[in-house]
Structures are given as C-alpha cells and as structure tokens.
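Student: I have a structure here, written as structure tokens, and I will follow up with some questions on it.
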Amino acid sequence: MAETNLEIYRRMLAAFNERGLEGAVEFFDEDVEVYDPDMPEGTKIRGHEAVLRTFGEMVDAFEEMKVEDFEVIPAGDRVVALIHTAGHGQGRYGDVNFEQRDAHVMTFRDGKITYWRLYRDQAEALADAGLDPSLAWYRRRPRDQAP
C-alpha cells in the first residue's frame, strides 16, 4: 500500500525534530520550490541547496528547534499543516527563545514535496487550500502532537 501524503509529512516532521533541516530535506523533490512571505519579494528558493542555505541559517541560530505540536489536513495533492514551532539558544544578549504558530501548505508529486509555502496566518493557508478557515488553531485546540 502506498504511503499517503499525510504519512510522508508526519515522517518529515519527525525527521526534522530528530536531525534538523538536513533530515527534512530528503522528503523534498530535488527541484522543490519554496515561498516564504518573510523573504524579500521576488526571492526564489529552489532546490535542496537553497533550502538548506536559506532556512539553515535560521535553524542553526538555535541550540534546539522543534515542532512541538501540529495538525495535518489533506487537501487533494496538498497537505495543510498547522504548526507550533519552538526553539531556544544563546544569543548575543543572553538566552533567546523562539515560538511561532503558523501554517505550511505542501504540494506532493510521486511521494515528494514539490512546493512548500509558509503562511503566517493559518486561516489564510486553509482558505488558499480550499478548506474551511475556521479550522485555524486560534479558533480551537490542535489534535495531533508532534512526533
């Protein structure tokens, strides 16, 4: 039986929590395209090396960064993930803590992630994927716990 996109995504999160970005990138297609609203307009992130370089700098700034809880929702050939990520590290002025609740929408082809879009607003991500925006966490409590 073929693995579902939801199962692949859950394994990708487990790999990220265990081995960091290097563990997660193996789930991406070699030519993956990423859109992050925090990047300057027009910035293209394409391929494993660009993903590792761009997001590696952020992840490496923390001693530990993990997805603490999540919920994944199928949307055709895409998966919407409502994410709670937290990290901590030693910054220039002492301890630095990071916490973010956002959403990721990933498109799959042949068991690999071909497009990854990050959203600051979970309701926007759900609506863009054709799902009910009321499923956003700020309206209710998440169901799944991180691997």
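Student: Could you please state how large a percent of the accessible area of the chain is carbon and sulfur, counting protein chains only and using a 1.4 Å probe?
Tutor: On the way: 3920 of 8400 Å².
Carbon with sulfur: 47 percent of the solvent-accessible area.
Student: If you stretched the chain out fully between GLU64 and GLU26, how much longer would it get, using 0.36 nm times the residue separation minus the C-alpha to C-alpha distance?
Tutor: Taking GLU64 through GLU26 to full extension adds about 11.7 nm, to one decimal.
Student: Let me ask you something else. Give, as a single signed number, the net charge of other residues whose beta carbon lies under 14 Å from the beta carbon of LEU118, with Lys and Arg counted +1 and Asp and Glu -1.
Tutor: It works out to a net charge of -3.
Student: For the chain, report the accessible area per residue in Å² (1.4 Å probe, heavy atoms, rounded to an integer). Before the final figure, lay out each step's value.
Tutor: On the way: 8400 Å² over 147 residues.
That works out to 57 Å² for each residue.
Student: Stretch GLN90-ARG11 to full length: gain in nm at 0.36 nm per residue minus the Cα-Cα span? Please list the in-between numbers first.
Tutor: Numbers: separation 79, 0.36 × 79 = 28.44 nm, distance 2.88 nm.
Gain on extension, GLN90 to ARG11, equals 25.6 nm.
Student: Mind listing the Cα extents of the chain along all three principal axes, in Å, largest one first?
Tutor: Taking max minus min along each principal axis of the Cα atoms, the chain gives 46, 36, 35 Å.
Student: Separation between the ALA127 and THR4 pseudo-spin-labels, each 7 Å from Cα along Cα→Cβ, expressed in nm?
Tutor: Here the answer is 2.7 nm between the modelled labels.
Student: Restricting to bridges with both residues inside the chain, how much of the DSSP beta-bridge set is antiparallel, in percent to the nearest 5?
Tutor: Numbers: 35 of 39 bridges.
Among the beta bridges of the chain, antiparallel pairing accounts for roughly 90 percent.
Student: Moving on to the next point. How high is the relative contact order of the chain? Use alpha-carbon pairs under 8 Å, at least six apart in sequence, and give a whole percent.
Tutor: RCO, the chain: 24 percent.
Student: Sticking with this one: Using +1 on the beta carbon of Lys and Arg, -1 on that of Asp and Glu, and nothing else charged, what's the dipole of the chain about the Cα centre, debye to 20? Can you show the working numbers first?
Tutor: On the way: 18 positive and 30 negative charges, 75 e Å.
Dipole magnitude for the chain comes out near 360 debye.
Student: May I ask which residue of ALA50, LEU118, ALA15 lies farthest towards the positive end of the charge dipole of the chain, with charges of +1 (Lys, Arg) and -1 (Asp, Glu) on Cβ and the Cα centre as origin?
Tutor: In the chain, that residue is LEU118.
Student: Can you compute the modelled spin-label distance between ARG109 and ALA50, with each label point 7 Å from Cα toward Cβ, in nm?
Tutor: So the label points at ARG109 and ALA50 sit 1.5 nm apart.
The values are calculated or read from the model by the stated rules, or taken from the named source; none is laboratory data. Nothing here was measured: the structure is a model prediction, and the numbers come from that model. Please note: Cβ atoms are built from the backbone with ideal geometry, for glycine as well, and neighbour counts cover all protein chains shown. Surface areas here come from the heavy atoms of the whole protein model, side chains and all, with no ligands, DNA or RNA. Shrake-Rupley method; radii C 1.70, N 1.55, O 1.52, S 1.80 Å.
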